[in-house]
Amino acid sequence: MSDLRDLYQELILDHGRRPRNFGPLPGATHDAIGHNPLCGDRITLHLKMNGDLVDGVSFEGQGCAISQASASLLTEAVRGRRLPEVLALFRKTTALVTGRDDDVAREDSVELGKLAVFEGVRQYPMRVKCATLAWHTLHNALEGHATEVAKTE
């Protein structure tokens with residue numbers, strides 16, 4: 001178990017230090033801003049939708065390693081997926097991080113893949129908001145709430 005925990009920590013640190021898909025997204029069709037006032041995390045998420053397909057995704061911002069890793073892994077997880085899958089992934093990931101195991105089981109149609117690394121975050125309530133910020137920001141972008149700042153409060 002310790003080896004698995006070490007691997008997960010390594011994955012979070014790697015994505016936190018070298019976030020993937022970081023920067024503006026030319027031609028973005030959806031944008032949203034997220035802020036976690038407890039930790040100071042701030043992100044702007046950009047999406048390029050082609051119908052209901054996520055054709056491109058990137059983010060910008062600053063924050064702790066968990067928030068940056070969560071946003072980085074989110075971009076890898078949602079690119080190339082259709083909207084219903086992305087929304088199922090949103091529900092499953094936020095349920096996993098917040099410890100709602102019944103809700104995780106309900107979303108059995110979508111695999112978490114590397115996002116399972118965030119299961120351990122639920123043991124640290126202050127970090128749950130860091131891990132879910134990017135996901136709430138994604139949800140706001142998809143729902144057309146670009147002018148509302150996604151908050152973890």
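The values are calculated or read from the model by the stated rules, or taken from the named source; none is laboratory data. Just so it is clear, the structure is predicted and the values come from calculations on it, not from any experiment. Counting neighbours? That spans all protein chains shown, and the Cβs are built from the backbone with ideal geometry, glycine included. Side chains are part of the model used for accessible areas, which takes the heavy atoms of the whole protein and leaves out ligands, DNA and RNA. Shrake-Rupley method; radii C 1.70, N 1.55, O 1.52, S 1.80 Å.
I need the strands (runs of 3 or more DSSP E) fully contained in region 17-131, keeping only those with at least 1 residues that are among the aromatic types (F, W, Y) and open to solvent by less than 50 Å² (accessible area, probe 1.4 Å).
Values: elements: 30-36, 41-50, 53-62.
The strands (runs of 3 or more DSSP E) meeting that bar are 53-62.
Those residues that are part of a helix (DSSP H, G or I) and under 17 Å from L47 (Cα atoms), I need them from region 132-148; list them, please. Give the derivation first.
Start the filter on region 132-148 by keeping residues that are part of a helix (DSSP H, G or I), which leaves 132-143.
Result: L133, A134, W135, H136, T137, L138, H139, N140, A141, L142, E143.
Do you know which of the residues in region 3-16 that are of a type in the set (A, V, I, L, M, F, W, C) and within 17 Å of the chain's Cα centre (by Cα) is most open to solvent (accessible area, probe 1.4 Å)?
Taking region 3-16 and keeping what is of a type in the set (A, V, I, L, M, F, W, C), we get 4, 7, 11-13.
From what's left, within 17 Å of the chain's Cα centre (by Cα): 11-13.
On the way: L11: 40, I12: 24, L13: 76 Å².
Looking at the filtered set, the residue picked out is L13.
With L133, L83, L96, L115 as the choices, which residue is closer than 20 Å to G51 by Cβ, touching a residue at least 24 places away in the same chain (Cβ under 8 Å) and in contact with a helix residue (DSSP H, G or I) (Cβ under 9 Å, 6 or more places away or on another chain)? Walk me through how you get there before you give the answer.
On the way: L133 fails: closer than 20 Å to G51 by Cβ; L96 fails: closer than 20 Å to G51 by Cβ; L115 fails: closer than 20 Å to G51 by Cβ.
After ruling out the rest, the residue left standing is L83.
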